[in-house]
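*Asks:* For reference, the structure I am asking about is given below.
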Amino acid sequence: MLSTASKGREPRGGDAVRLYVWERRSNRVIRASNASVMAQSRYGSPIDVSDLRGGADGSTLAHRCTGGVVAENAPFLWLDDHRLLVATLPDGEAAAAVDHYARVARSVGEDAARLRAGRLSTGRAVASGQARAPLGGASSRASLRVIDVTTRASRTVATVPAYPFGGALTASVSPDGTRIAVLATLGALRPDAAREIPNSYDAMWTVERRLGFADLAKTGAVRWTALPPIAGYPLDLIEWSPDSGSIAFRARSSGFATETPLFSAELADGIVRQLGTVSVGRAGASVTTPRPVTALWLTPERILAQSTAGGWRVFGPSGIDLPVTAANGAVPDTFVRGGDGRVTGIAGRTLLRIEPTGRLLPVRQLDHDSSFGWPADAGQPLRRRQLFANAGGWALQTIDTVSGETGAIVPPPPGPPDDVSLAGGQMLQTEVGRNGTTLRAFGLGNGKPRDLLTLNTGLRNVAWGEKRLIDYRSAAGEPLKAAVILPPGYRSGQRYPTLVWVYGGMFIRSLDGNFVTDDFMPGFFNLQLYAAKGYVVLVPSMPLPQVDGRNDTYRQIPSGVMPAIDALVTAGIADPDRIGVFGQSFGGYSVYALLGQTNRFKAGVAIAGITDLRSNYGTFDPTARGYAEIAHEKSANWAIRQGTDAVAPWQSPEEYARNSPIAYVDKVTTPLLMLHGDQDQRGDVPQAEQFFYGLYRQGKTAELVRYGGESHSISLSPANIRDVFERTIAWFDRYVRRDTIR
């Protein structure tokens, strides 16, 4: 496990993220190493992303610490029952998880000391074009260490580049456990005025990476592979061949290419071969989000891969490209690796095994139409897998991937399916509900549940607001849905003050799986908190279609919002004279856009919204201070183009202008509260300052709260989280509620 717990002279709260191990026999938690490990930042551009695969469980995707909205990969994996492979940072460096915002404060302190002393300059340069530093010149480094938890011995296997922004350090352990393939990120790709980097929203496409191998039994340098021009820009590793002789990877011929053919790099001689001639895999290559494996080795020479042109094919050296075929023509959508290493799939009621020729052979007929359930890591060799079975309604089974034998039909447990896993002959599920967080076991023989552990039982005492779904039509006549949270104790026939939570482009389709209305959203994002204060909360769908081929996001924002309010008023729930609006990020932008086009709201709260698209373009991420020479490469604001598809404002200045709320600040008459962190990495605090100043110059009612040291989500301090909520409620109580419910 990872912890910032301090020891000895380390400061309270810890100065780094370190690795700890729990010993079951002694029930002790022991620090495995004093080294700082790579633990990535959250919320915004991820830093220090690790991507460690393989080892004791044979995984082919990155090991995870956390999932969900805030995903984080684990910087360690077990090699066997006593050794760990760990990604660590140089002495004196701390993981981004604790250093992301502390680095800014430290840099400011260093500048203050230099100013006082007057001997050293506070100037820090970034450069472009010919003045730019060599690629990776300012990059950090990371060490891959093998740590023995029984003896506490530690040995460095390899030290590699670890460019912190956008990329990731990938290390994949070979099936025989003797070597690792390393894909290290060197730095950001150099822009080109004439060409755009494809898929730039996926950071893995914006960096340059290097492929190499290291021996786990030795301490030495990585043997970097000389890649041919056609594979000069590797994207991601796929998996090792069964004999541990080579590894498959996707690559491009340039940083601006869109085709991603499959290649193999041989360990013995470093030879790189192209497998097939077509692009494979998904368009993205993000290591922070699990994705179905799209290539699986069949033999040391041949690999099954999904072509982006459609369909599964078998590729190999010397131009081998074979279609996957079955006697009845039914080809599975998904393939998995079984416990014997062979690859199987299901089509209808038939379990099929694929041959190196691409021919599918039947293994067993199943009792029901079935499909593999949630094979997040299809390449991991597992003897037993889950099945979706259509037995008069979907149910769960287990299947032996070698023999094809299936277990008993089990009714599906409640809750999201990705929380279900197989262990010890039973299904384990974590269910988060109003009674708390429960770990529950379901017997595979009878499906009976048994609660193993329940946490957070205090939630049973919380008064929850009832949630409803309403149907309505947008201003353009499009059928839409909106979510409504009623206050606890809601009485039909009374009209309530109503708060509208907005986020441009959002669609509400059901109350299940909708994270916006999730009862367990953290902090001030939890809309149940506002319902508990006596407000109805409305969350409308907000489509943003193009009009006559133009991007007019600003004008489109009200289209899904105002009719939803009308529907709630018509239903006798909302008081038409007491409506407020609030939102965060693009939702903050949406608030600015609404208030510039209607005076129907009695108050608004805009959190971390962008008001001037042109001035926001290219602004440096304020948390990049302290990264010598590469601070400008941390920013993602060149890619934030709310309301415009233009690459840059000089290419379409009119489009940027007409979609910027600041251009309409003179139209705003609604009392507006603006909340913004001064370390916001998505829109710097001047975005709120200039809008506030526009209202101030006109003598209009407004308030701006700047949170020192805070992020885009204003989530770094519990005191700040409480303050955002309390100020928001006070603002709405003052300008929206005004009197009692009527």
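*Asks:* Just to compare against my own numbers: the Cα pair-distance distribution for segment 107-192, 5 Å bins, whole % per bin, please.
*Replies:* Percent of pairs per bin, in order: 3, 11, 14, 13, 14, 13, 11, 9, 7, 4, 1, 0.
*Asks:* If you don't mind, another one. On C-alpha positions alone, give me the angle between the axis of helix 686-697 and the longest principal axis of the chain, in degrees, nearest 10.
*Replies:* Roughly 10 degrees, rounded to the nearest 10.
*Asks:* Measure nothing but the geometry: give the 0 to 90° angle between the long axis through the Cα atoms of 586-595 and the longest principal axis through the Cα atoms of the chain, rounded to 10°.
*Replies:* That helix lies at roughly 20 degrees to the long axis.
*Asks:* With θ set to phi - 60° and the Karplus curve 6.51 cos²θ - 1.76 cosθ + 1.60, what are the ³J(HN,Hα) couplings of segment 610-626 in order, to the nearest whole Hz, using x for Gly and Pro?
*Replies:* Using θ = phi - 60°, the values come out as 9, 10, 9, 4, 5, 6, 7, 4, x, 5, 5, 5, x, 7, 8, 4, x Hz.
*Asks:* Moving to a separate point now. Over the Cα atoms of segment 437-521, how large are the radius of gyration and the largest Cα-Cα distance (Dmax), in Å?
*Replies:* Rg, Dmax (Cα atoms, Å): 18.1, 54.
*Asks:* Give me the net charge for the shell around VAL278: Cβ to Cβ below 9 angstrom, other residues only, Lys and Arg +1, Asp and Glu -1.
*Replies:* Net charge in that neighbourhood comes out at -1.
*Asks:* When Lys and Arg each count +1 and Asp and Glu each count -1, what net charge do the other residues less than 15 Å away from ALA567, Cβ to Cβ, add up to?
*Replies:* +1
*Asks:* Can I ask one more? Compute for segment 531-577: radius of gyration divided by Kirkwood radius, i.e. Rg/Rh, restricted to C-alpha atoms, rounded to two decimals.
*Replies:* Reported Rg/Rh, Kirkwood definition of Rh: 1.12.
*Asks:* Against the longest principal axis of the chain, how steep is helix 718-732, in degrees 0 to 90 to the nearest 10, with axes from Cα atoms?
*Replies:* 40
*Asks:* Once you keep just the Cα pairs under 8 angstrom separated by 6 or more residues, what percentage relative contact order results for the chain?
*Replies:* About 7 percent, as a whole number.
*Asks:* Rounded to the nearest percent, how much of the accessible area of the chain (1.4 Å probe, protein heavy atoms only) is carbon and sulfur?
*Replies:* Solvent-exposed carbon and sulfur of the chain make up 51 percent of the total.
*Asks:* If you don't mind, there's one more thing I want to ask. What's the long-distance tail for segment 79-157, i.e. % of Cα pairs beyond 22 Å?
*Replies:* Result: 54 percent of Cα pairs exceed 22 Å.
*Asks:* Once the whole set of protein chains is in place, how much accessible area is left on ILE630, using a 1.4 Å probe, in Å² to the nearest 10?
*Replies:* Ignoring ligands and nucleic acids, ILE630 comes out at about 20 Å².
*Asks:* Next question. Within a Cβ distance under 14 Å of TRP731, other residues only, what is the Lys/Arg minus Asp/Glu net charge?
*Replies:* +3
*Asks:* Sort largest first and round to whole Å: the equivalent ellipsoid semi-axes of segment 528-617, each the square root of five times a Cα gyration tensor eigenvalue.
*Replies:* Semi-axis lengths for segment 528-617 are 24, 17, 11 Å.
*Asks:* Considering every Cα-Cα pair within segment 90-245, what fraction, in whole percent, is farther apart than 27 Å?
*Replies:* When every Cα pair of segment 90-245 is considered, 40 percent fall beyond 27 Å.
*Asks:* While we're looking at this one, here's another question. For segment 59-99, report the convex hull volume of the alpha-carbon atoms normalised per residue, in Å³, without decimals.
*Replies:* Once divided by residue count, the hull of segment 59-99 is 100 Å³.
*Asks:* Next question, about the same structure. With n ≥ 4 as the cut-off for DSSP H runs, can you work out [θ] at 222 nm for the chain, using -39500 (n - 2.57) per run divided by the number of residues, rounded to the nearest 500?
*Replies:* Using -39500 (n - 2.57) per qualifying helix, the result is -3500 deg cm²/dmol.
*Asks:* So what is the accessible area of segment 196-255 per residue, in Å², with the probe set to 1.4 Å?
*Replies:* Accessible surface, normalised per residue, equals 37 Å².
*Asks:* Continuing with this model, one more query. Given segment 1-87 reduced to its alpha-carbon atoms as identical point scatterers, what log10 I(q)/I(0) does the Debye formula return at q = 0.16, 0.20 Å⁻¹?
*Replies:* Scattering profile of segment 1-87, log10 relative to I(0): -0.71, -1.05.
*Asks:* With point charges of +1 on the Cβ of Lys and Arg and -1 on the Cβ of Asp and Glu, referenced to the Cα centre of the chain, which listed residue (ALA268, LEU360, GLY58) lies farthest in the positive direction of the dipole?
*Replies:* The one lying farthest along the dipole's positive direction is GLY58.
*Asks:* Still on this structure: Just the ratio, please: alpha-carbon radius of gyration of the chain over 2.2 N^0.38 Å, N its number of residues.
*Replies:* After normalising by residue count via 2.2 N^0.38 Å, the value is 1.02.
*Asks:* Give me the Kirkwood hydrodynamic radius of segment 613-739 in Å, from all C-alpha pairs, to one decimal place?
*Replies:* So the Kirkwood estimate lands at 16.3 Å.
The values are calculated or read from the model by the stated rules, or taken from the named source; none is laboratory data. Remember, predicted model here, so these are calculated numbers, not experimental data. No Cβ is skipped: glycine too gets one built from the backbone with ideal geometry, and neighbour counts run over all protein chains shown. SASA here: full protein model, heavy atoms, side chains in, ligands and nucleic acids out. Shrake-Rupley method; radii C 1.70, N 1.55, O 1.52, S 1.80 Å.
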